[in-house]
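Here is the structure we will look at.
No value in this document is a laboratory result; all are computed from the given coordinates. Every value quoted in this text rests on a predicted model; they were computed, and no experiment measured them. A quick note on method: Cβ atoms are made from the backbone with ideal geometry, for glycine too, and the neighbour counts reach across all protein chains shown.
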Amino acid sequence: MKNEQTIQYQVRLADPAGHRYVLRLTIPHPDPAGQGLRLPAWIPGSYLIRDFARQIETLQASSGGMPVAVRKTDNQTWRCAPCDGPLTVDYQAYAWDLSVRGAHFDESHAFFNGCSLFLAVMGQESQTCLLDLRPPAHARGWQVYTSLPSASGHPDAAALRGFGLYRARDYDDLIDHPVEIGTPQCISFEAHGAIHDLVFTGQIPGLDLERVAADAQKICAAQIELFEPETRRAPFLDSAERYVFLVTVTGDGYGGLEHRASTALITRRTDLPARGRATPEDYTTFLGLLSHEYFHTWNVKRIKPAAFVPYDLSRPNHTQLLWVFEGFTSYYDDLMLLRAGVIDEPAYLKLVAGTLDQVLRTGGRLKQSVAESSFDAWTRYYKQDENSPNALISYYTKGALVALGLDLEIRRQSGGTRSLDDVMRLLWRRYGRDFYQGRPRGVAEGAMPGLIRAATGADVTDFIARHALGREDIPLKSALARAGIELSAQPEAPRPTLDVRTQADPAGLRLVTVYEHGPAHRAGLSAGDLLIAADGLRITDAASLDRLLDARNPGARLSLHVFRRDELRQYAVRLGKPDALRHQLRRTDSGAQA
């Protein structure tokens with residue numbers, strides 16, 4: 001039977017054409033002084049204030065059939081007037097955000113994250129919650145896909161993939177299980193006895209589900225073995241009966257968001273394998289995304305920075321440690337593809353080289369450390385503009401290189417007997433394994449050098465000071481050489497350079513970024529300028545500019561005509577020598593295996 005303290009949320013798929021969910025929140029024992037309600041301002045894993053409350057179109061409250069006054073007190077908070085009995089809140093939310101962060105609903109499917117729909121009952125966030133999913137009137141054959149457990153023992157409990165009641169242990173649990181409803185393509189597999197579901201929504205002709213499941217199974221098994229080499233127990237079994245990959249397939253999407261027993265992914269249709277056809281070159285991109293989000297099941301969903309224990313979803317939660325929680329995850333996502341056997345070593349080294357290309361192309365790495373980038377994620381990394389490559393560094397990409405450098409340094413200091421794997425296992429034992437078992441604690445801001453020493457005996461204090469807290473480039477060439485890997489670099493192309501990033505425009509070629517200290521910057525060009533001619537010849541696209549540059553040498557002068565806003569301007573540019581920013585890694589005959 002339903003506990004009289006249980007808070008209940010009902011979701012009805014009412015208006016697919018208008019993209020609206022109709023919701024009802026029932027609070028058995030509201031605060032006698034007036035019940036507060038709050039919608040999260042952001043969603044964990046995406047460090048930007050999203051203001052989900054802006055999508056709530058109507059909201060009314062009642063008790064015993066009588067209206068209860070409601071007053072909004074800030075961007076995401078409401079206060080209901082005092083009432084004697086149970087409080088019912090009826091509200092409507094607009095859902096037209098096809099992303100991993102929000103909610104989406106039309107005649108083809110429904111998807112939502114709890115952060116975008118479910119009002120928190122302030123002061124009662126620790127109460128058990130029931131989610132009542134009602135079937136839509138407009139569609140037949142739709143099913144429910146979520147890692148949230150069914151409300152077992154309740155007469156209205158949902159069957160597997162069915163509508164009905166689902167149970168969450170508290171509000172934090174409720175909003176950490178996204179839901180997909182519709183008729184997707186699905187397949188299940190087991191990794192060390194734990195059930196995993198792959199759920200693909202969208203038009204995907206000929207999708208080779210069996211191939212994806214086979215590769216995903218290897219990746220998941222390898223990660224479980226990394227963290228639990230003895231028990232081989234999947235981490236999500238503390239919260240759910242299965243793990244669910246919810247994959248939205250589009251023409252050009254990419255992204256993922258981690259949850260405690262599931263993940264929401266967006267991927268391009270062309271990145272997925274089709275039966276009877278050659279494997280797409282970018283299939284590895286999808287597998288890397290899947291690997292990244294699954295690794296988060298340990299690293300950030302259970303092993304967390306202290307600043308996230310608990311989350312305060314009403315404001316930014318600042319930490320300098322995203323280089324550990326996103327950077328280390330970015331290092332391991334591709335490494336686990338290699339260990340799982342879904343790519344070979346040359347393919348893996350090519351991925352590492354690509355990360356090096358990205359980091360060393362970014363002048364911002366000399367202005368901002370990955371610790372600073374982590375702290376400023378809310379206002380800078382998630383709000384990038386045309387100057388960001390000159391001003392910022394990614395805690396994902398440089399964080400991955402810091403993890404690689406730490407792994408190599410630990411191996412060097414320990415004579416190959418310890419590695420970053422030992423650090424991850426210590427973090428899991430100390431912070432993650434019991435996080436949802438009533439003993440939550442997080443990693444303190446300055447704790448990583450001591451934790452690494454405790455796990456491996458290595459002293460990396462100076463390394464972290466220089467390359468994570470500081471802005472120095474990581475000396476990977478020598479470190480990789482000791483592991484038997486040769487690192488080399490060459491120009492991306494032999495032609496001279498303007499040192500700009502461009503994008504196509506119907507009227508010419510748009511400058512998206514002008515790299516600091518490059519030829520275009522020195523000449524006075526700016527991001528946003530529309531390049532239309534060079535030395536009197538029309539520029540229509542990147543290829544026409546490349547052909548012109550191919551006929552010139554570094555140091556040559558070039559006359560450029562651009563529109564800045566609606567003003568025609570002319571600039572004289574002295575072409576630069578191309579930088580060696582295309583990296584290659586290859587195994588040599590000498591050196592120890594990394």
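The loop-placed trypsin sites (Lys or Arg not before Pro) in the range 253-313, going by DSSP, that have at most 11 neighbouring Cβ atoms within 10 Å of their Cβ come out as R275, R277.
When DSSP beta bridges are restricted to pairs lying wholly in the chain, around 80% turn out antiparallel. Principal axis extents of the Cα atoms in the range 65-197, from largest to smallest and rounded to whole angstrom, are 50, 32, 26.
By the Cα gyration tensor, the range 339-404 has an equivalent ellipsoid whose semi-axes, rounded to whole angstrom, run 26, 12, 10 from largest to smallest. Evaluated over the Cα positions of the range 265-384, the convex hull gives a direction-averaged projected area, one quarter of its surface, of 9.2 nm². Taking the Cβ-Cβ separation of A137 and Y311 as r and a Förster radius of 25 Å, what is the calculated FRET efficiency to the nearest 0.05? Efficiency at R0 = 25 Å is approximately 0.10. Entry for the range 28-69 at q = 0.17, 0.21, 0.25 Å⁻¹: log10 I(q)/I(0) = -0.67, -0.83, -0.95, Debye formula applied to identical alpha-carbon scatterers, no solvent contribution. The Cβ shell under 15 Å around S419 holds other residues with a net charge of +2, Lys and Arg each +1, Asp and Glu each -1. Once backbone amide H atoms are built at 1.01 Å from N, Q35 has C80 as its partners under 5 Å, excluding neighbours fewer than 5 places away on the same chain. Our compactness index for the range 10-79, the C-alpha radius of gyration over the empirical 2.2 N^0.38 Å, is 1.27. Near I452: Cβ cut-off under 14 Å, other residues only, Lys/Arg at +1 and Asp/Glu at -1. The net charge is 0. Look at where the Cα atoms of the range 160-183 and of the range 190-256 average out, and the two centres are 18 Å apart. In units of the rule-of-thumb radius 2.2 N^0.38 Å, the range 486-526 shows an alpha carbon radius of gyration of 1.42.
Within the shell of other residues whose beta carbon sits under 11 angstrom from the beta carbon of S373, the net charge comes to +2, with Lys and Arg scored +1 and Asp and Glu -1.
Taking Cα centre as origin and charging only the Cβ of basic (Lys, Arg, +1) and acidic (Asp, Glu, -1) residues, the dipole magnitude of the range 1-108 rounds to 180 debye.
Checked against a 23 Å cut-off, the cross-linked pairs K301/K367; K218/K477; K383/K477; K218/K350; K350/K577 give Cα-Cα distances beyond that limit for K301/K367; K218/K477; K383/K477; K350/K577.
Classify the range 133-253 as rounded, prolate or oblate from the Cα gyration tensor: take a ≥ b ≥ c as the square roots of its eigenvalues, call it rounded if a/c is under 1.5, otherwise prolate when a/b beats b/c and oblate if not. In terms of gyration-tensor shape, oblate. Rounded to the nearest 20, the Cβ-based charge dipole of the range 133-242 about its Cα centre (Lys and Arg +1, Asp and Glu -1) stands at 420 debye. Report the label-to-label distance for L548 and R565 in nanometres (one decimal), using points 7 Å from each Cα along the Cα→Cβ vector. Taking the two extended label points, one gets 2.4 nm.
Only Cα sites of the range 1-141 enter the Debye sum here, all with the same form factor; the resulting log10 I(q)/I(0) across q = 0.10, 0.11, 0.20 1/Å is -0.34, -0.41, -1.26, listed in q order. Please determine, in degrees from 0 to 90 and to the nearest 10, the orientation of helix 328-340 with respect to the longest principal axis defined by the Cα atoms of the chain, where the helix direction is its Cα long axis. Around 90 degrees separate the two axes. Rounded to whole numbers, the Karplus 3J(HN,Hα) couplings from phi for the range 438-454 are x, 10, x, 8, x, 7, 5, 4, x, 8, 4, x, x, 5, 5, 5, 5 Hz, using 6.51 cos²θ - 1.76 cosθ + 1.60 with θ = phi - 60°, and x at Gly and Pro.
Each of S419, G327, V443 was placed along the dipole of the range 319-452 (beta-carbon charges, centred on the mean Cα), and the one lying farthest toward the positive end is V443.
Assign one of three labels to the range 362-478, namely rounded, prolate or oblate, based on the Cα gyration tensor with a ≥ b ≥ c the square roots of its eigenvalues; rounded applies when a/c is under 1.5, prolate when it is not and a/b is larger than b/c, and oblate otherwise. Verdict is oblate for the range 362-478.
Using only side-chain charges placed at the Cβ, +1 for Lys and Arg and -1 for Asp and Glu, the dipole size of the chain relative to its Cα centre rounds to 760 debye. Spacing of the modelled spin labels on D252 and A454, each 7 Å from Cα toward Cβ, amounts to 4.8 nm.
For the range 237-289, the set of GluC sites (Glu not before Pro) satisfying both a DSSP loop assignment and a count of at most 13 other C-beta atoms within 10 Å is given as E281. Backbone phi angles across the range 37-54, fed through the Karplus curve with coefficients 6.51, -1.76 and 1.60 (θ = phi - 60°), yield HN-Hα couplings of 10, 8, 9, x, 8, 8, 10, x, x, 10, 8, 8, 5, 9, 6, 4, 5, 5 Hz in residue order; Gly and Pro are listed as x.
The C-alpha atoms of the chain define a longest principal axis, and helix 345-360 lies at about 80 degrees to it. Binning all Cα-Cα separations of the chain at 20 Å, short to long from zero, yields these whole-percent fractions: 18, 48, 29, 5, 0. Quick check on the chain: helices-only [θ] at 222 nm, where DSSP H runs of length 4 and up contribute -39,500 (n - 2.57) each and the sum goes over total residues. Nearest 500, please. Here the helix-only value at 222 nm equals -6500 deg cm²/dmol.
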